[in-house]
Amino acid sequence: MVEPRRNIELKARCADLAAARAASERCGARFVHVEEQRDTFFRAAEGRLKLRERTWRNAQGAVDRSEAELIAYRREDVAGARESRYTVVPVTDPGLLETALTSTIGIRGVVAKRRELWMLENVRIHLDAVSGLGSFVEFEAVLGPGDSSEVAHARLEMLRSGLGLTASAIVPVAYADLLGI
């Protein structure tokens, strides 16, 4: 069996994505691309299970490519940086997979968002505009074999501080939970 991947993540409400973008750049992050994402959450006996369909867009808005993946993950719902263990499976026919999963385990609901992706070393910085919820910043420090979670926590704290995200803005749950699905 393949071991799940790991990351340390932190999510916070953000009233001003333009300011977060400028602060990310000041912290040394580089812009990658903009995505439109549709996450269909399924009823899972344990953890969370979602089908992510996304389209990458470049800075001029032209479509670069689209893809889908099934993501199973487990993460504690705590207000702060926390570890997530996840498995990503590429999906070639998302419509057929959605039909199969809907008919067997059922759908919880759908989360739609526009995501601007920035990178700083091994940290993904997501500037998210989530339909029905508003604006958020999410950090994901991807851990490889032998990577230190302490270093990841320190990087996330540096970014949290650099972007001016307060402790009261930290969100302990998934977007699906905030939407009540």
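In summary, Leu120 fulfils each of the numbered conditions (1) within 23 Å of Val34 (Cα to Cα); (2) open to solvent by 40 Å² or more (accessible area, probe 1.4 Å); (3) touching a helix residue (DSSP H, G or I) at 6+ places or on another chain (Cβ under 9 Å) with the single exception of condition (2). All conditions in (1) touching a strand residue (DSSP E or B) at 6+ places or on another chain (Cβ under 7 Å); (2) hydrophobic (A, V, I, L, M, F, W, C); (3) more than 23 Å from Gly47 (Cα to Cα) hold for Met158, with the sole exception of (1). Residue count for the stretch 99-128, restricted to those that are under 14 Å from Ala44 (Cα atoms) and either assigned to a strand (DSSP E or B) or not hydrophobic (A, V, I, L, M, F, W, C) (or both): 7. When the stretch 59-72 is filtered for residues that are modelled with pLDDT under 75 and either over 22 Å from Pro90 (Cα atoms) or of a type in the set (A, V, I, L, M, F, W, C) (or both), the ones remaining, listed by number, are Ala59, Gln60, Gly61, Ala62, Val63. Comparison of Glu3, Glu46, Glu76 shows that the only residue that is open to solvent by 20 Å² or more (accessible area, probe 1.4 Å), free of Cβ contacts under 8 Å to residues at least 12 places away in the same chain and within 30 Å of Ser168 (Cα to Cα) is Glu76. Output the residue which, of all residues in the stretch 129-143 that are part of a strand (DSSP E or B) and hydrophobic (A, V, I, L, M, F, W, C), is farthest from Tyr175 (Cα to Cα). Ranking the qualifying residues of the stretch 129-143, first place goes to Leu143.
Inclusion of Glu53 among residues that are of a type in the set (Asp, Glu), over 24 Å from Gly132 (Cα atoms), modelled with pLDDT of 95 or more and surrounded by 15 or more Cβ atoms within 10 Å (Cβ to Cβ) is not warranted. Restricted to the stretch 157-181, and to residues there that are assigned to a helix (DSSP H, G or I) and within 17 Å of Asp77 (Cα to Cα), the residue that is least open to solvent (accessible area, probe 1.4 Å) is Ala176. Is it fair to say Gly144 is within 20 Å of Glu53 (Cα to Cα) and out of contact with any helix residue (DSSP H, G or I) (no Cβ under 9 Å at 6 or more places or on another chain)? When the stated conditions are applied, Gly144 does not pass them.
The values are calculated or read from the model by the stated rules, or taken from the named source; none is laboratory data. Quantities reported herein were computed from a predicted structural model and do not represent experimental measurements. Note that each Cβ is placed from the backbone with ideal geometry, even for glycine, and that neighbours are counted across all protein chains shown. Just the protein is used for accessible areas: all its heavy atoms, side chains included, with ligands, DNA and RNA removed. Shrake-Rupley method; radii C 1.70, N 1.55, O 1.52, S 1.80 Å.
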